[in-house]
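Here's the structure, in structure tokens; my notes come after.
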Amino acid sequence: MRILIADTTWATAGIAKGLRDAGFLITSCDAGEYLASYTRTARQNAIVLDTDSGGPSPFEVIMQLRDAAPTCPIVFIDGRGDETLRTRLLNAGADDVIDASSDRDVVVSRIGAVARRAAGLSQPLIELGDLRVDLLNRVVFAPASRVPLSPKEYELLEHLALNRKRMVTRDELLSQIYAFENEPTPRIIDVFVCKIRSKLATAGSVQVVIETVRGRGYRLSEVTGPTPPLDNAADAHKMDIAA
């Protein structure tokens, strides 16, 4: 999952480190005029802001973000201890307001929980067909074994799993993995997908496929109908469909 830290303050810098240590991908962006346009360009799993950032008012930021990314969770870190302010922020559209003095692990867990709920998950686990994606430990299990994915392969498969009800473009996958930093060409996504398909087949997965939507992107889908024999598992990961 990718978390956007809007304006780096003493409070959010420590939280960003905790999120990185927990395996989250972190993007930083100024909370000013570019924040809304950035969130329109790059999909985030949650946005974290500090009520004391010194930029636009938190209420103005909420209005901008709700227009730019209506479903993206907004989490504020607040060091003022003003319960009235926190209530107003929640009523204005924030998904959580966390006391800046809270234990860092608790803050990281709450941000992760908010991001998961926005993705329709009640626990840090995605089960699709014969695959289990453990979001907390960042590992994927198939029937025969754990799937040995590289960090970027895991991020790609996790993003497809989180968005399994829709087609995901190559550009979106690229921004999810690299966040516009030293990005290679979109064709690197095809290379990652090829490797993931092979590893899923080797690990015995036959009920989940990464479909190619030609000219557009990919979709993670559960196989319907008879399950193919295990010996033909690799074939189950080569499905192409028309756009």
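Computed from the coordinates by the stated procedures, all read-outs in this text should not be read as laboratory data. Please read all numbers here as calculations on a predicted model, not as lab measurements. Because the Cβ atoms are built from the backbone with ideal geometry, glycine has one as well, and the counts that use them run over all protein chains shown.
Run through segment 65-101 and list the trypsin sites (Lys or Arg not before Pro) located in a DSSP loop whose Cβ has at most 12 other Cβ atoms within 10 Å.
Answer in residue order: 80.
Can you put 98, 196 in order, fewest other beta carbons within 10 Å first?
Ranked by crowding around the Cβ, least crowded first: 98, 196.
Find me the longest stretch of the chain that has none of the exposed GluC sites (Glu not before Pro), where exposed means in a DSSP loop (not H, G, I, E or B) with at most 15 other Cβ atoms within 10 Å.
In the chain, the maximal stretch lacking such sites is 34-180.
If R₀ is 41 angstrom, what is the calculated FRET efficiency for the pair residue 17 and residue 224, using the beta carbon separation as r and rounding to 0.05?
With a Förster radius of 41 Å, E is 0.40.
Roughly how many nanometres apart are two label points built 7 Å out from the Cα toward the Cβ at residue 66 and residue 28?
Distance between the two pseudo-spin positions: 2.9 nm.
Using the number of other C-beta atoms within 10 angstrom as an exposure proxy, rank 218, 154 with the fewest first.
The order, fewest Cβ neighbours first, is 154, 218.
Given Cβ point charges of +1 (Lys, Arg) and -1 (Asp, Glu) and nothing else, what value in debye, to the nearest 20, does the dipole of segment 2-118 about its Cα centre take?
Using Cβ point charges on Lys, Arg, Asp and Glu, segment 2-118 gives about 500 debye.
Starting from 0.36 nm per residue, how many nanometres of slack lie between residue 87 and residue 146 once their C-alpha separation is accounted for?
16.8 nm
How many percent of DSSP beta bridges within the chain run antiparallel, rounded to 5?
Of the beta bridges lying entirely in the chain, close to 45 percent run antiparallel.
Note down the Stokes-Einstein diffusion coefficient of the chain in µm²/s, whole number, using a Kirkwood radius over alpha carbon pairs, 37 °C, and 0.692 mPa s.
Approximately 173 µm²/s, per Stokes-Einstein.
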